[in-house]
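> Here's a structure for you.
Each reported figure results from applying straightforward, stated rules to the coordinates on display, with no laboratory input. Note that the structure is a prediction, hence the values are computed from the model and not measured. Please note: Cβ atoms are built from the backbone with ideal geometry, for glycine as well, and neighbour counts cover all protein chains shown.
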Amino acid sequence: MSNSLFLFLLILFLCLFVNPCLSDPRATEAALICTNKTSPMPQRQTFVSNFLAAMETVTPLIATQRYAAVVNGTGNTTVYAFGECMKDLTNIDCDLCFAQCKTQLLRCLPFQRATRGGRLFYDGCYLRYDDYYFFNEALSVQDKTVCGAQEFVGNGSVFSANVNQLVMNLSVEAPKFDGFSVGFVTNENVTVYGLAQCWEFMNGTACEDCLANAVSNISSCTPKQEGRVLNTGCYLRYSTEKFYYNSTQPVRNSNQGSKLAIALAATSSALALLLVIATVVFIVRKNVLKRRGEREQLGPLLATVNNSKLNYSYEVLEKATNYFHHSKKLGQGGSGSVYKGVLPDGKVVAIKRLFFNTRQWVDHFFNEVNLISDIHHKNLVKLLGCSIAGPESLLVYEYVPNQSLHDYFSAKRKLQLLKWEVRYKIILGTAEGLAYLHEELEMRIIHRDIKLSNILLEEDFTAKIADFGLARLFPEDKTHISTGIAGTLGYMAPEYVIRGILTEKVDVYSFGVLVIEVVSGKRNNTFSQYSYSILQMVWNLYGIGRVCEAVDPALEGQFQEEEASRLLQIGLLCVQASAELRPSMSTVVKMLSDNHEIPQPTHPPFLNSSSAEISQSRPSRTYNSQPESYTHSLGRPSRTYNSQPESYTHSSGNNSTESGIEPR
């Protein structure tokens, strides 16, 4: 008993010397401002890559110095990024605020539309990216004043006078103290609290000018209880509630000093005791909330993973990739980077590191684990496990050494030419994998994102379908389901994009595009603005009996014409405009492996890359819209279909959101 009493008194004594932190991360959004500029189509993939690299660089700088200024890229695809925390926050609160800020900045759609600029103001931190050097800017046309919703109840004239006095004091003091000041003003029992901060690169004069402008604008908020001015170079806020941690000398009226000292002295002992109790309560509550949050985010998946062989330690996977060293990086998509790793037992694996742990990435993560953890087929990439408990979500796959099919048709990669026999084998393997998903499982699975970059190749060039983040279970008693659209433009069936109708024939259409790409050696985005799509090119050649002219000229005639003709005819069957006329994947497998009769195809949906149906263009990349009527006109509300491959997301009427995955 005496030991317990001694320990309690020791803690109580130490607490008297602790400077209590009354702050929180203040991860409350003040405003999100997105530009209306987007990158031109040829530059989008580079711009998105530069954006991702900039965000990855900003994060550790914030952790070490509480602000960051980063420039990534060259020319028109350069990304400039800046972030900073309020100077009264603790390091932990700064990290928490910035982590949330970074995920929410994605609402400017840098992936989906390659939006070239956005800024997000939280009450505890700030993050901005743009396509020009803005670090020394104090003011801009996008600056914003945000007033609270509640009116002040009381003496309005005294309140307004206190606000004006406070913000004027803060604007004078902040430039003198490293661009930061907090304080309060009390008169006639009316107290107002405030904070002013200039961003890191605002020198004395620029800081003064920025805050002077803020003082002028914030007066429009009174008699609201709260107001903020969100300028390019500074932040100013007042409130009737104390919201800051006054680690610096506050700006206040002198007649309040003695009252504050008396109050602090009277409450210090009680506060020390409360801190001891609060520490115990906090630890217990934190564990409870963590478990509750995990259950809400991942639901039954947690129990499944934690009690199965799927569970990997985050530390083990981190070491396996040499702490995600760049030399181990295999590729990068819209949802995460993939690294080569070697487990302690010597097994080589591929580890996907998800970029952001937001709700939509949790959905992606859940799909990958829940759908394919128990699926085993020679033409499907095997999921070995995952890590949930660490700071980020990780997926562990079997390592497929020969990269993706996309890499063999990319001019940048310059990999070996795929021989005709290898191409035929890849097409057949992909068909067998899809047939298994559609028809051989108890619950059918529709992949929704079949494309070159999602077909990985083994050492013997066996095809393996990867990336099930967009896949959906398909009930046996349904002819179709309506869902938010997600996939890659150029590979998507017209009925899916236009009306949101999802059946296995959506995968059949994507497979048909892939077949024509593999046989012709041409990507669906390699045509100039006014030329035909590859579907139209192959259809035209088929119509005049010269379809073999569509075969990849790089093969130099080293292929069997009959096989090539059959493959291209199968491709055209799969991309027919009418979903009902497309064959099932099991029928396609028979056509490829047996001497099965191949019907005459009807025309595909001819959609020219310059004018077609369904598109709100985006960088590989992401698309948001409701399914609308089919039309040949450009503009809204009609949709245009662009034959260039682009990943996108779609929010359906029930507010569900699907995530697009960017090609590697």
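> Sorted by mean Cβ packing within 10 Å, highest first, what order do the peptides 508-518, 95-105 take? If you can, show how the numbers build up before the last one.
On the way: 508-518: 25.6, 95-105: 21.1.
Descending packing order for the listed peptides: 508-518, 95-105.
> Order these peptides, 435-442, 539-546, by their mean beta-carbon neighbour count within 10 angstrom, highest first.
435-442, 539-546
> Then there's this: If amide H atoms are built 1.01 Å from N in the plane of the peptide, which residues on other chains or at least 5 residues away come under 5 Å of the amide H of Leu384?
Hits under the 5 Å cutoff: Val396, Tyr397, Glu398.
> Further, regarding this structure: Fewest first, what order do Thr205, Thr191 take by the number of other Cβ atoms within 10 Å?
On the way: Thr205 10, Thr191 17.
Listing Thr205, Thr191 from fewest to most nearby Cβ atoms yields Thr205, Thr191.
> Near the amide H of Gly183, under 5 Å away, which other amide H atoms are found, from residues 5 or more places off or on another chain, if H is placed in the peptide plane?
Correct list: Gly194, Val251.
> While we're on this one: Under 5 Å between amide hydrogens, which residues at least 5 positions from Leu354 or on another chain qualify, with H placed 1.01 Å from N in the peptide plane?
Long-range HN contacts for Leu354: Ser393, Leu395.
> On to the next question. Where does the charge balance sit around Cys210 when Lys and Arg score +1, Asp and Glu -1, over other residues with C-beta under 12 Å from its C-beta?
Neighbour charge sum, excluding Cys210 itself: -4.
> Can I ask one more? Could you tally the net charge around Asn76, taking each other residue with its Cβ under 15 Å from the Cβ of Asn76, Lys/Arg +1 and Asp/Glu -1?
Taking every other residue near Asn76 into account, the sum is +1.
> Which loop chymotrypsin sites (Phe, Trp or Tyr not before Pro) in the stretch 173-207, with loop taken from DSSP, have no more than 14 other Cβ atoms within 10 angstrom of their Cβ?
Sites meeting the loop and neighbour criteria: Phe177.
> Could I ask something else about it? Arrange the peptides 113-125, 214-226 so that the one whose residues have, on average, the most other Cβ atoms within 10 Å appears first.
Put in order of decreasing packing, that is 113-125, 214-226.
> Right, here's the next one. So what is the relative contact order for the stretch 148-252, in percent, with contacts set as C-alpha pairs under 8 Å and at least six apart?
Result for the stretch 148-252 is 34 percent.
> How high is the relative contact order of the stretch 29-130, given as a whole-number percent (alpha carbon pairs under 8 Å, six or more residues apart)?
Once divided by the residue count of the stretch 29-130, the mean separation gives 37 percent.
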